[in-house]
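Taking it in order: structure first as structure tokens, then the write-up.
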Amino acid sequence: MNRTQLLDLLAERTATMPQAPALLTPEGQSLSYSRLDALVRTTVARLIDLGVTRQDRVVVCAPNDMDGVILQLAVISTAVCCPVNPLLAQDEFEHALDLLQPSAVITFGTSSAKLLRAAERRQTAVIEAVPHLFGDPLELLFQGGELDPARVVTQPVADESLLLRTSGTTSAGKLVPLAMSHLMAGATASVRAFGLDRADRCLNVMPMFHIQGLVGSVVASLVAGSSVVLLPAFDAKQTLRSLEDTRATWFSASPTIHRLLLDRLREEPADCTSLRFARSGAATLPSALREELEVAYGVPILETYGMSEAHQIASTLLPDGSPRAIGMVPTGSRVGVLDSDGTVRTEPGSSGELVVSGSNVIERYVNPEDGEAAFTGGWLRTGDLGRIAVDGSVQVTGRVKEMINRGGEKVSPYEVEEALLRHPAVRQAVAFGVPDEVFTEKVVALVVLHEGRSADEPVLRAHSVAQLAPFKVPARIMVREELAVNAVGKLVRADFAREFTDAAEAPPAVTATPAARVALPQTPVEAAMAGLWAYALERGTLGGLDEDFFTAGGESVSAVTLLRGIKDTFGVEISAAGLFDELNTVERLADAVTRAIAEKEAS
């Protein structure tokens, strides 16, 4: 596949369905396929007149509207398009330009002055895109000088057409070079996975600098011959109103955006009957949220697995009468698991780091140091942990770098979040690990509650104890008013971990009721048990005879310490199962020990 394939696609659509709508606005403005084709080609010609070549990297800071789509499709077809978030801070723009080393920056009148200052400081050519004032308002003109013929052009990577920067766990991210073949393969995989055709209409709520918006919504719709409604920015009320007005048949969003829409639907119901399905991507979709969404929208929620390096790897599928897959079905890539010995396994039951290969998967990164360990035997290491289920579907269980090492026990934050979200008061949850002198890391969680609901830390810990193994129960569960997300609506656990670690002290727990009066030991056995209890939990005081050991912070290591202390002090053995199931308070343990001592003396 060559660099002109996108233009070939538009030409084909113009020949077969010239008046069919391609792009629409929420207000009802429509752009046909023939007009879109003409505008993109005119823009390509003007970029070439400015001296832009296929070897040039061009930073595009464009709005989420028709102008922005026309420009990005033209730059992708002419040069190497490097879309950036218009809301970056000054130093972030400067860092992006240092990383990308572009030949030019194309801005709109609404572009950030911070980007212009960053380009001026680095002496990067600036080209301003402006609408044609006396002709077609969507025909873009360019203000700015031609590119210097003597400029130094960065060596392209594998005929790249789009250059994205990942939002991974490293601060710099990786530069991902996507050729036209990668874009078209990813978009075509989405069309096949969702059964898209000319009757469909996508409502795009994702930013165009993210692959889910540009490729997953716009290019996929063009491949299907369908139409896409372009929202200029996400707003829950506007999104639901546009869904009603445009009769969209599907849309794609992150779990956080879906949560915001769900909250809005509870306040103000909307007509979602035009939908065939809704897609969730960019982050793992909690099962509890998925169930709520399917009830609210009245359609299936399709969870997809993808990344900047490989759009549309796997997805849950629309119901067709057959049994529902356990996980996500590979729809764009071949998926395997990297074993500890370096072997890639594809058979059911395999678990470990997920690896992918296929026509939608990049072959290398821009910077060689980013790819030294990323590729193995033609497979790309995703950095995600998962397993291949018995039916061949894929289940993602966590990120390699986000797994929490709790005293040698590995804890997936996904599992902790799923457990917390099963509490009826919890609206959002994020779990992460923070350094701990004794256990290497400890589990911490932040939650946001549903409006009008209440739950304090003891209640949420007690809920977690019932849902999770002791070593997975968070040491702290704090209630927040909101949780910050990145530009694509994704919760970044590393950011929360840094915030928590850097804080002088943890924020106080939110409590709903005054603390109850502490019941003190009344017998010598209870007093001795209280001392063992406090020693095992590494604290100086008892929370009360009826305090739950695991709610108080107990887990596998401290449980062993407590049980060993009971045996050494009283000569009585209490099983770990007994402690977990029923003997989980000082009072109950003291009663059990007293009975055991009495039985020994009687015999």
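None of the figures in this text is laboratory data; all of them are computed from the coordinates on show. All figures in this text were calculated on a predicted structure; none of them were measured in a lab. With ideal geometry, Cβ positions are generated from the backbone for all residues, glycine too; neighbour counts draw on all protein chains shown.
Determine the calculated [θ] at 222 nm for the chain from helices alone, applying -39500 (n - 2.57) to every DSSP H run no shorter than 4 residues and normalising by the residue count; nearest 500 deg cm²/dmol.
Taken over the chain, the calculation gives -10000 deg cm²/dmol.
So what is Rg over Rh here for the range 195-304, counting just Cα atoms and using Kirkwood for Rh?
In the range 195-304, Rg relative to Rh is 0.92.
Calculate the tail of P(r) for the range 403-502: the fraction of all Cα-Cα distances greater than 20 Å, expressed in %.
Of the Cα pairs, 33 percent sit more than 20 Å apart.
Taking 8 Å as the Cα distance limit and 6 or more residues as the minimum spacing, I'd like the relative contact order of the chain as a percentage.
Relative contact order, the chain: 8 percent.
Check each of the GluC sites (Glu not before Pro) in the range 320-372 and keep only those in coil by DSSP with at most 12 other C-beta atoms within 10 angstrom; list them in order.
E372
List the residues, sorted by chain then number, that are 5 or more residues from I127 or on another chain and whose placed amide H is less than 5 Å from its amide H.
Excluding prolines and chain starts, which carry no amide H, the hits are V105, I106, T107.
Would you please state which residues of the range 371-398 a label at S359 would reach in this model, taking the label point 7 Å out along Cα→Cβ and a backbone N cut-off of under 20 Å?
378-380
Could you pull the Cα extents of the range 259-317 along its three principal axes, largest to smallest, in whole Å?
Over the range 259-317, Cα extents along the principal axes are 38, 20, 18 Å.
Counting only residues 5 or more places away or on other chains, whose amide H sits under 5 Å from the amide H of A62 once H atoms are built in the peptide plane?
Hits under the 5 Å cutoff: V84.
Hey, rough spin-label estimate for D320 and D341, points 7 angstrom out along Cα→Cβ, what's it come to in nanometres?
3.7 nm
Along the charge dipole of the chain, pointing to its positive end and built from +1/-1 on Cβ of Lys, Arg, Asp and Glu, which listed residue (P348, V390, F277) has its Cα farthest out?
Most positive-ward Cα: F277.
What number do you get for the range 1-153 when its Cα radius of gyration is normalised by 2.2 N^0.38 Å, N = residues?
Dividing the Cα radius of gyration by 2.2 N^0.38 Å gives 1.06.
In whole Hz and in residue order, list the ³J(HN,Hα) couplings for the range 390-405 that follow from phi through the Karplus curve 6.51 cos²θ - 1.76 cosθ + 1.60, θ = phi - 60°; x for Gly and Pro.
Result, ordered by residue: 5, 8, x, 7, 10, 10, 8, 10, x, 9, 4, 6, 9, 4, 9, 9 Hz.
Report the calculated FRET efficiency for K410 and T25 (r = Cβ-Cβ distance, R0 = 56 Å), to the nearest 0.05.
So, using R0 = 56 Å, E works out to roughly 0.70.
Any idea what the relative contact order of the range 220-308 is, in percent, if you count C-alpha pairs under 8 Å spaced at least 6 apart?
27 percent
Using only the Cα atoms of the range 226-284, what are the Rg and Dmax in Å?
Rg then Dmax for the range 226-284, in Å: 11.0, 32.
Any chance you could run the full-extension gain for A38 through T523? It's 0.36 nm times the residue separation minus the Cα-Cα distance, nm to one decimal.
165.7 nm
Set the Förster distance to 25 Å, then compute FRET efficiency between D91 and E481 from the Cβ-Cβ distance, nearest 0.05.
0.35
Quick one: of K237/K490; K410/K567; K174/K237; K174/K401; K401/K442; K401/K490, which pairs are farther than 24 Å apart, Cα to Cα?
Flagged as over cut-off: K410/K567; K174/K237.
Using 0.36 nm per residue, how much length does the chain from K237 to A534 gain when fully extended, once their Cα-Cα distance is taken away?
101.8 nm
Which order do I477, I326 fall in if you start with the one that has the fewest other Cβ atoms within 10 Å?
I326, I477
For R54 and R595 in the same chain, what is the full-extension length gain: residue separation times 0.36 nm, less their Cα-Cα distance, in nm?
Using 0.36 nm per residue and subtracting the Cα-Cα distance, I get 186.4 nm.
What is the diffusion coefficient of the chain in µm²/s, taking the Kirkwood radius over Cα pairs and the Stokes-Einstein relation at 10 °C with a viscosity of 1.306 mPa s?
Answer from the Stokes-Einstein relation: 59 µm²/s.
Expressed in nm², what is the orientationally averaged projection area of the convex hull enclosing the Cα positions of the range 333-481?
11.7 nm²
Where Rh is the Kirkwood radius over the Cα pairs of the range 283-402, the temperature 20 °C and the viscosity 1.002 mPa s, what D in µm²/s does Stokes-Einstein return?
141 µm²/s
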